[in-house]
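No value in this document is a laboratory result; all are computed from the given coordinates. Note that this is a predicted model, so its numbers are computed, not measured. Quick reminder, even Gly has a Cβ in these numbers, built from the backbone with ideal geometry, and neighbours come from all protein chains shown.
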Amino acid sequence: MEAYLDNSATTRCSKRVQEIVGKTMDIAYGNPSSMHKKGLEAEQYVREAAQKIAKTMKVSEKEIIFTSGGTESNNFALIGAAMAHRRSGSRLITTQIEHPSVLNTMEYLKEQGFEIVYLPVDQTGIVCMDALREAVNDQTILVSMMQVNNEIGSIQPIADAAAIVHEKRPNALFHVDAVQSYGKMQIRPKKMGVDLLSVSGHKIHGPKGIGFLYIKEKTKIKPVLFGGGQQAGLRSGTHNVPGIAGIGEAAAEAHEDLEQKAAYLRSLKESLITRTAGIEGLVVHGAAGQDSAPHIVSLSIPGIRSEVMLHALEEYDICVSAGSACSSNHPAQLHTLEALHLEPELIQSALRFSFSTHTRMEEIDYAAEKLAELTPKLRRYTRR
């Protein structure tokens, strides 16, 4: 059998998404900026997708800006906000365990003269709120924090963090990378105190190459793409109508029976942890219980390098990740595990298992069985 357990890297498009994407390619092929019938038809799909997404977060459709994915959304949020507010201050705050699309963008902004502060995390991957409180000063203009970590699944206390930021610096913006959390848990940006929020389509059974950035009404932000002035001048470029229709449908589908789906994902996670608990030396990383995402398990088997186990599992059609899958085909830079101050042997043997509502319990059982079967065999060939 096949066990696809790398859903934090990408997910299979749902049937509903496939249908609406195909339909827009075939029928609604007009340019939404055109004033004729075909353009208006395409524009309707764009509007309906924005409405579907807005409904899931109880925000206005006008606050949804479509992008090419999570990376562009993060770049847009950070660069656009920093440049729009640079006269008010120069300090940007983020954490040590962010996605590369945040960390590398912060390094770019550092080159532009901004001061970057990286917050530490505890051994479970949770950001220290005291460190955040201390870091926010009268020069702070933006704080960026992911809600769910893509490597270990730790969940940050976003509402608490936003409250601290806005209490100490009311005009500072708070950005959330919700790529790994949207569609897995209820998100209410206005209630949480979030000004900017990034989402990617292909993490929620939508198409690749599409995402969105929630921008709270009246938030000052500069565009990073220039051209025809689409999307209220904030994001130029012809709308990707099939992708937009697809992410709209994926968002709506993901939020149907959301709590039941989250409970199912957690049952898969708990089953994998329980089934592999007897493997000698195995260590599960990150927070436990409700402080961790329901769909991600990070574990290490000391003595077996992650790429060795990954390819051994692949021989049995089991697909997992060596940490994360966000750096092309290069060896994963497990900066999150390094931030937890783990032993090198644990970092070098880390594997990530991630699930979706399409994942079957039989896949979990099969993967756990093969993991237990392969461990003693591979250890025999490990160099001491």
**Study point:** At R0 = 30 Å, FRET efficiency that the Cβ-Cβ distance of Met25 and Arg188 yields, to 0.05
**Key:** 0.35
Review point. With r defined as the distance between the Cβ atoms of Leu258 and Glu167 and R0 fixed at 22 Å, what FRET efficiency is calculated, to the nearest 0.05?
Key: 0.15
Check your understanding: So for the pair Glu307, Ala288, with labels modelled 7 Å out along Cα→Cβ, what separation do we get in nm?
Key -> 3.4 nm
Exercise for review: Rounded to whole Å and sorted largest first, list the principal axis extents of the Cα atoms in the stretch 1-157.
Suggested key: 55, 52, 30
Revision key, fill the gap. For Lys62, counting only lysines whose alpha-carbon sits under 22 Å away and dropping same-chain residues fewer than eight positions off, the answer is Lys52, Lys190, Lys191, Lys216, Lys218, Lys220, Lys222
Check your understanding: Among rounded, prolate and oblate, which fits the stretch 66-119 when a ≥ b ≥ c are the square roots of the eigenvalues of its C-alpha gyration tensor, a/c under 1.5 means rounded, and a/b larger than b/c means prolate?
Key -> oblate
**Study point:** Order by protection proxy (mean Cβ within 10 Å, highest first), peptides 250-262, 136-148
**Key:** 136-148, 250-262
**Study point:** Theoretical gain in end-to-end length, Gln123 to Glu270 [0.36 nm per residue, Cα-Cα removed]
**Key:** 50.9 nm
**Study point:** Separation of the Glu2 and His358 label points, Cα + 7 Å toward Cβ, nm
**Key:** 0.9 nm
**Study point:** Equivalent ellipsoid semi-axes - Cα gyration tensor, the chain, angstrom
**Key:** 35, 27, 17
Check your understanding: Using the alpha-carbon centroid of each, what span in Å lies between the stretch 37-113 and the stretch 238-302?
Key -> 24 Å
Review point. Between Lys62 and His36, what is the FRET efficiency for a Förster distance of 35 Å, r being their Cβ-Cβ separation, to the nearest 0.05?
Key: 0.90
Practice item. Calculate the spin-label point distance for Leu225 paired with Gln112, positioning each point 7 Å from the Cα along the beta-carbon direction, and give it in nanometres. Key: 1.7 nm
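Only bridges with both residues in the chain count here: give the DSSP antiparallel percent, nearest 5. Spell out each step's value before the answer.
Values: 21 of 42 bridges.
If I count the DSSP bridges inside the chain, around 50 percent turn out antiparallel.
Quick check: from the Cα gyration tensor, does the stretch 265-374 come out rounded (a/c under 1.5), prolate or oblate? Could the numbers behind the result be given before it?
Working: a/c = 1.35, a/b = 1.18, b/c = 1.14.
It comes out rounded by the Cα gyration axes.
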Point to revise | Label-zone membership for the stretch 242-267, site Gln51, 7 angstrom Cα→C-beta point, backbone N under 19 Å | key: 242-256
Review point. Relative contact order for the chain using alpha-carbon pairs under 8 Å, separation at least 6, rounded to a whole percent?
Key: 24 percent
